[in-house]
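The values are calculated or read from the model by the stated rules, or taken from the named source; none is laboratory data. Keep in mind that what you see is a predicted model, and the values were worked out from it rather than measured. Heads up, the Cβs are rebuilt from the backbone with ideal geometry, glycines too, and the neighbour counts pull from every protein chain shown.
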Amino acid sequence: MQLPADLPVPEDDRAAAHLPGTELPALALTSTSGRDVRLDQLRGLTLIFAYPRTGRPDQPVPAGWDAIPGARGCTPEACGFRDHQADLRHLGATVFGLSTQDTDYQREMAGRLKLPYEVLSDEQLELTHELRLPSFEFDGATLLKRHTLVLRDARIEHVFYPVFPPDRHAEEVVGWLRQRPLNPPPPRRVGRGRR
């Protein structure tokens, strides 16, 4: 839960610049509750915070992980959204986490951290490829760069990217929602592709 003080700060590489205004595709991702969530059928205000990977208390941080800008801090970020759940509900927001880790791994983490929201698995990288989400390769796996999608009726109104520091991001989102702009970007679709 404690983040090193000297973590490198991620820079905006514009990898999420194409996302505002995009409608989510007709994909279903499995959640930690065991259900399939149809992304194009999400209604109302929805937050999807994407993160690279969570670790486990009995496993060391992988070599080189702390040197990747923005990689460290997934557990503190998840706990931040847990701790601000009442504020987010009051603002009308439904929260989902998202990673490319498998559902069984995510389910253990969600239970251990007592997360009150579902976490979605994009293990097959369907959403990552369809929307060209910011991602990177680590130890043979494709992981999501940390970002948060703010959706209204399955359309992306706003993207937080890059996210830093992760342990204070939920508080940042709450503050933004309290003052969010009234004129969202017009809808548009993004074609398939890989980043």
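Values for this structure:
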{"read-out": "Matching residues in segment 122-132 - criterion: being assigned to a helix (DSSP H, G or I) and acidic (Asp, Glu)", "value": "126, 130"}
{"read-out": "Count of segment 103-121 residues which are in a loop (DSSP other than H, G, I, E, B) and in contact with a strand residue (DSSP E or B) (Cβ under 6 Å, 6 or more places away or on another chain)", "value": "1"}
{"read-out": "Filter result for residue 139 (of a type outside the set (Val, Ile, Thr), closer than 15 Å to residue 52 by Cβ and modelled with pLDDT under 95)", "value": "yes"}
{"read-out": "Criterion violated by residue 190 - all others in (1) part of a loop (DSSP other than H, G, I, E, B); (2) surrounded by fewer than 17 Cβ atoms within 10 Å (Cβ to Cβ); (3) at pLDDT 95 or above; (4) not basic (Lys, Arg) satisfied", "value": "(3)"}
{"read-out": "Condition met for residue 131 (over 19 Å from residue 59 (Cβ atoms), of a type in the set (A, V, I, L, M) and at pLDDT 95 or above)", "value": "yes"}
{"read-out": "For residue 55: the one exception among (1) closer than 15 Å to residue 106 by Cα; (2) in contact (Cβ under 8 Å) with a residue 40 or more places away in the chain", "value": "(2)"}
{"read-out": "Test: residue 130 is within 26 Å of residue 174 (Cβ to Cβ), buried (at least 17 other Cβ atoms within 10 Å of the Cβ) and either acidic (Asp, Glu) or free of Cβ contacts under 8 Å to residues at least 12 places away in the same chain (or both)", "value": "no"}
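Let's see how each residue does on (1) more than 16 Å from the chain's Cα centre (by Cα); (2) over 25 Å from residue 174 (Cβ atoms):
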position	(1), (2)
10	no, no
13	yes, yes
17	no, no
25	yes, yes
30	no, yes
50	no, no
54	no, no
59	yes, yes
66	yes, yes
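The rows are residues; the columns are (1) surrounded by fewer than 16 Cβ atoms within 10 Å (Cβ to Cβ); (2) out of contact with any His (no Cβ under 8 Å at 6 or more places or on another chain); (3) of a type outside the set (D, E, K, R).
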{"residue": "109", "(1), (2), (3)": "no, yes, yes"}
{"residue": "115", "(1), (2), (3)": "no, yes, yes"}
{"residue": "122", "(1), (2), (3)": "no, yes, no"}
{"residue": "134", "(1), (2), (3)": "no, no, yes"}
